[in-house]
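Accompanying notes for the structure given below.
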Amino acid sequence: MDQQQSAKGDQKGQREKNSRHRRHAARPRFEIRVNTKYAPHKTADGKALSCTSETTLKPEQLIEIYRYLKLTRLVEERLVNLYRQTKVVGGVFRSLGQEATAVGSAYALQSQDFITPLIRDLGAVLVKGIRPRDIFAQYMAKAWGPSGGKDLNIHFGDIEKGFIGPISHLGDMIPVMTGLLLAARMQKKNFVAIAYIGDGGMSTGAFHEGINFAAVQRLPLIVVAEHNHYAYSTPTSLQTACKDLAEKAAGYGIPAYIVDGNDVVACYEVTKHATDYARRGGGAVLIEAKTYRRKGHAEHDDQRYVASGEVEWWEEHNDPLDRFERYLLENNLATKEQMDEILAGVLREIDEDCEWAESSPMPEGEKAAYGVFDNNIVPPAHRPKVLES
């Protein structure tokens, strides 16, 4: 009897072992994919940069993307003006030169999908349906802002729109998104999520823990790594030994792409490819977007650590809006008159929304005690009477 039980146990153990081997073998082995369709475009003949011609986007979608790019840049320009008028509380963090990465990647998502951006991903937030008035009121810490004045810039969220608000601790939102996706799987919901990260944030422990968990669980997480040359004031080459951030994907057994982050069409296409793969059950994907941060960490940063002429070169030769405008005109997808009309509409919206935000009252001090915890369970934590005298 003991021998029979032992034999059965051995057979069961062998079946489980074989099953594990089959599951392991089913996982494809991936290398970094630098697809020429998505890789940074270089012109040997000296012609100005444009965008990739291979796209599934329809003309009306390309026009909509152009509007989002213009809206992102002009909202940030208005924020700078408000900052210089001392109407902004805290700092202003611009995405100047990086708008194509955020807009192109977020545009590839479906309505039920989620994003968690960084401070320089305003374009993705606008694509997910957040209005400029919310951004202005949030930066000015107004009562009518999304957080009611409790926090600043894009540190807020809107679950219904698929926007999980970021926190300041770089890398920490990667584990948050893995938790969101694991919960979705348990609830049999089918959506993917994009978590944005910078080259500096990729060197944190939280990034490693989050992406490793997503890889092991084969969660539909798309990590968009923005290689913008600087982690605050530290050049990327001085804080990571990898030439390409995409190399890090090999350690997690997930596919990786390198894309020209200033080509909004390429950013859309590679993200669409990645989301389709993740939605089919393939698991996590890392996308490295090669781009450049033309402003300092924040508006107060004078960029004295940047080599002379570097910012000016990127502005003249590799601006994402210039490239997309050139692409639309060269392919007869839009006229200069249509672009001017879009610009006028964007400026009208910004003027109206900024006026609304400026007219919003400042929050009452007592309101800061509400909404910190679930007030159905924990009462608001008001200042103790003994401290008021």
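The values are calculated or read from the model by the stated rules, or taken from the named source; none is laboratory data. On a predicted model such as this, the values are computed, not experimentally measured, just so you know. Positions of Cβ are generated from backbone atoms using ideal geometry, with glycine treated the same way; all protein chains shown enter the neighbour counts.
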Checklist entry - Are there any pairs with C-beta distances below 6 angstrom linking a residue in the range 90-102 that is within 16 Å of ILE135 (Cβ to Cβ) to a residue that is among the small types (Gly, Ala, Ser), with the two at least 6 apart or on different chains, and if so which? => result GLY91/ALA298; PHE93/ALA298; GLU99/GLY123; ALA102/GLY123; ALA102/ALA124
Checklist outcome for this item: Per the filter on the range 337-369, residues more than 13 Å from PHE136 (Cα to Cα) and among the β-branched types (Val, Ile, Thr) are ILE342, VAL346
Next on the checklist: Just to be sure I understand, how many residues within the range 277-309 are within 25 Å of the chain's Cα centre (by Cα) and farther than 30 Å from THR178 by Cβ?
Outcome noted: 9
Checklist entry - Looking at LYS142, is it in contact with a Phe, Trp or Tyr (Cβ under 7 Å, 6 or more places away or on another chain) and at pLDDT 95 or above? => result no
Checklist entry - Conditions: (1) surrounded by fewer than 24 Cβ atoms within 10 Å (Cβ to Cβ); (2) more than 17 Å from the chain's Cα centre (by Cα). ALA137 meets all but one. Number of the miss? => result (1)
Checklist entry - Looking at the range 80-93, is at least one residue surrounded by 20 or more Cβ atoms within 10 Å (Cβ to Cβ) and under 14 Å from LEU126 (Cβ atoms)? => result no
Checklist entry - Within the range 302-343, which residues are assigned to a loop (DSSP other than H, G, I, E, B) and surrounded by fewer than 18 Cβ atoms within 10 Å (Cβ to Cβ)? => result ASP302, GLN303, ARG304, TYR305, VAL306, ALA307, SER308, GLY309, ASN331, ASN332, LEU333, THR335
Checklist entry - Limited to the range 114-124, what total is found for residues that are more than 12 Å from VAL75 (Cα to Cα) and not in a loop (DSSP other than H, G, I, E, B)? => result 4
Item to check | Every residue from the range 157-208 that is under 17 Å from the mean Cα position of the chain (by Cα), exposed (fewer than 15 other Cβ atoms within 10 Å of the Cβ) and assigned to a loop (DSSP other than H, G, I, E, B) | outcome: ILE167, SER168, HIS169
Checklist outcome for this item: Across (1) modelled with pLDDT of 95 or more; (2) within 23 Å of PHE207 (Cβ to Cβ), ALA298 clears everything bar (1)
